[in-house]
């Protein structure tokens, strides 16, 4: 457990040697899944991931869910592990955190991979949500939308009902990441048990109000970048917001995949990641 300002963070590592790779999971409000999904695709690297504050086995002790609090958590982990710099890969919401971290701590980032990254903060965060909801409604139809909003109404209730509602919201959301939600696999029950409505709602509110200047430092980031989205990703054509932010990046559209690449096109995702890190690791993969 790593102690950060206002949080106690459960950290996992795939191995103790190899080039360090920080894996930032999606959400917000859900626990880490990177050690079992993306970590195995890059076994030569030292994959480091953690349950974000108040999810899984991590705790938030100060009630803060702003970008600054999350960045302080990342720095606390880096310092605790004695790492000077690391590669950073962020998926979905974690991709937004990865951008903010590179903007403020670019000297610590050897390379940056944005895997289906959320679009940004403030207005761009609201656009992220609109696009995801639009995709969800289109895929799940009328009754699926009714279910999703019905479960969502329970997030405002206290106690066990709130936790129950959060698990169902995330199950519906997960299914809608697939072109046909009826054929989608169910999410892992242990992962669902670590979801937290307080973290999701608190982060959403904070990021919706955040100053876009939090990403201004990206203009000075000179390290290698890969921006990857699925062919039928949930953010639609709005992914151009991130692609335009990194005009020199390796731009990848993963065919046959949506938002969960390790399930929807694992071979293609593994190849894209390994090709990128083969070019930018200090030792060959």
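The values are calculated or read from the model by the stated rules, or taken from the named source; none is laboratory data. Please read all numbers here as calculations on a predicted model, not as lab measurements. Virtual Cβ from ideal backbone geometry, glycine too; neighbours counted across all protein chains shown.
Taking the criterion of being in contact (Cβ under 8 Å) with a residue 24 or more places away in the chain, touching a strand residue (DSSP E or B) at 6+ places or on another chain (Cβ under 8 Å) and closer than 13 Å to residue 120 by Cβ, the residues of segment 235-265 that qualify are 235, 239, 242, 246. Restricting segment 226-248 to residues that are closer than 26 Å to residue 278 by Cα and in contact with a helix residue (DSSP H, G or I) (Cβ under 7 Å, 6 or more places away or on another chain) leaves a set whose member that is surrounded by the fewest Cβ atoms within 10 Å (Cβ to Cβ) is 245.
Only one residue in 116, 85, 92 is touching a strand residue (DSSP E or B) at 6+ places or on another chain (Cβ under 6 Å), modelled with pLDDT of 95 or more and surrounded by 19 or more Cβ atoms within 10 Å (Cβ to Cβ), so which one is that? Let's see the steps before the verdict.
Details: 85 fails: surrounded by 19 or more Cβ atoms within 10 Å (Cβ to Cβ); 92 fails: touching a strand residue (DSSP E or B) at 6+ places or on another chain (Cβ under 6 Å).
Of 116, 85, 92, the one residue that is touching a strand residue (DSSP E or B) at 6+ places or on another chain (Cβ under 6 Å), modelled with pLDDT of 95 or more and surrounded by 19 or more Cβ atoms within 10 Å (Cβ to Cβ) is 116.
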